[in-house]
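The values are calculated or read from the model by the stated rules, or taken from the named source; none is laboratory data. Remember, it's a predicted structure, so these values are computed and weren't measured experimentally. Here the Cβ positions follow ideal geometry from the backbone for every residue, glycine too, while neighbour counts run over all protein chains shown. Calculation scope for accessible area: heavy atoms of the full protein, side chains included, ligands and nucleic acids excluded. Shrake-Rupley method; radii C 1.70, N 1.55, O 1.52, S 1.80 Å.
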Amino acid sequence: YDFLMYSVFGIIDKEKDKNKKIKCARRAYRDLARTIKYKYSSSELEHAKKGSKEADFKAKRDSWIREMCIELINSIDMFEKEKKEFDIWHKELCIKFVEPTEEDEVFCRGKEFLEEGITYGQAQKWLNMTLKYLWLMDLLPTSISPEWLHVPIDSYILKKLKREDSFKECDDIKSDQYLNETWSAFSNYDNYKELQERIRDMLKEELPIEWEGTAWIEIANNGNGDMSNGK
């Protein structure tokens, strides 16, 4: 178990819960990282020579990603203090990713590194996967009920939904798209939220986050691509 936690999350059992949570957020980032376009390509950053502008960019970008993870965990831990409905809080936090204001200093810093900005699809994946990992490790704040957690949307989940009776005859989902957008390109939060509500209606009493785990494994196990991030 210790090896699994360290190899997947970089978590050592004896470290503080706060550090474990930040590493969960960092692991969640990896689940969407391939879809984010930076001002340098992955190849340029991977082969950057020490002292080069690419290496400097990579170091600053990695520092920003860590700050984003810390900001994300702080927002999750502060949920109880905010006294807001979970879904309202979820939307407001996703908006910070996509359309940050000057007050959202860490989120705004992304403009230094991002070529195209962050979409609602990428924002929901980062937030939802962080919450999922916290829940799996029993690190979810007591102020957040597992019943409220959203399904992290990716291509595997969209493929699984298309096989469900509730969605089979629905033209909104085609292959790995919803309303003609891939999950990482979702440009409208309300459309995303509508999909979450339809999933809840389909599941009735089953917890969406529990259904998601089984559904994701089923599609991944059918050989539909890279199992690491819902490609």
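The table below gives the values:
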read-out	value
Residue list for region 28-61, restricted to those being closer than 17 Å to Ser184 by Cα, out of contact with any Ser or Thr (no Cβ under 6 Å at 6 or more places or on another chain) and in a helix (DSSP H, G or I)	Tyr29, Arg30, Ala33, Arg34
Number of the exception - Phe86 against (1) closer than 25 Å to Ala33 by Cα; (2) within 20 Å of the chain's Cα centre (by Cα); (3) touching a residue at least 24 places away in the same chain (Cβ under 8 Å)	(1)
Leu127 vs. criteria under 16 Å from Cys24 (Cα atoms), in a loop (DSSP other than H, G, I, E, B), in contact with a helix residue (DSSP H, G or I) (Cβ under 7 Å, 6 or more places away or on another chain) and open to solvent by less than 30 Å² (accessible area, probe 1.4 Å)	no
Arg27, sole failed condition from (1) farther than 13 Å from Leu114 by Cβ; (2) more than 17 Å from the chain's Cα centre (by Cα); (3) open to solvent by less than 90 Å² (accessible area, probe 1.4 Å)	(2)
Hey, Asp77 open to solvent by 30 Å² or more (accessible area, probe 1.4 Å), within 16 Å of the chain's Cα centre (by Cα) and in contact (Cβ under 8 Å) with a residue 60 or more places away in the chain or not	no
Positions within region 98-121 being under 30 Å from Ser175 (Cβ atoms) and open to solvent by 10 Å² or more (accessible area, probe 1.4 Å), in sequence order	Val98, Glu99, Leu114, Glu115, Glu116, Gly117, Ile118, Thr119, Tyr120
Residues satisfying the stated conditions in region 172-191, i.e. surrounded by 16 or more Cβ atoms within 10 Å (Cβ to Cβ) and out of contact with any Leu (no Cβ under 9 Å at 6 or more places or on another chain)	Glu181, Tyr189
Subset of region 132-171 that is part of a loop (DSSP other than H, G, I, E, B) and over 26 Å from Glu85 (Cβ atoms) - its residue that is most open to solvent (accessible area, probe 1.4 Å)	Glu169
Some residue of region 37-48 being under 13 Å from the mean Cα position of the chain (by Cα) and surrounded by 17 or more Cβ atoms within 10 Å (Cβ to Cβ)	no
Region 137-189: number of residues that are in contact (Cβ under 8 Å) with a residue 40 or more places away in the chain, charged (D, E, K, R) and more than 23 Å from Gly117 (Cα to Cα)	3
Tally, over region 10-22, of residues that are in contact (Cβ under 8 Å) with a residue 40 or more places away in the chain and either of a type in the set (D, E, K, R) or open to solvent by 30 Å² or more (accessible area, probe 1.4 Å) (or both)	4
Test result for Glu67, open to solvent by 50 Å² or more (accessible area, probe 1.4 Å), part of a helix (DSSP H, G or I) and touching a residue at least 12 places away in the same chain (Cβ under 8 Å)	yes
Qualifying residue in region 206-215 (condition: among the β-branched types (Val, Ile, Thr) and farther than 18 Å from Ala25 by Cβ)	yes
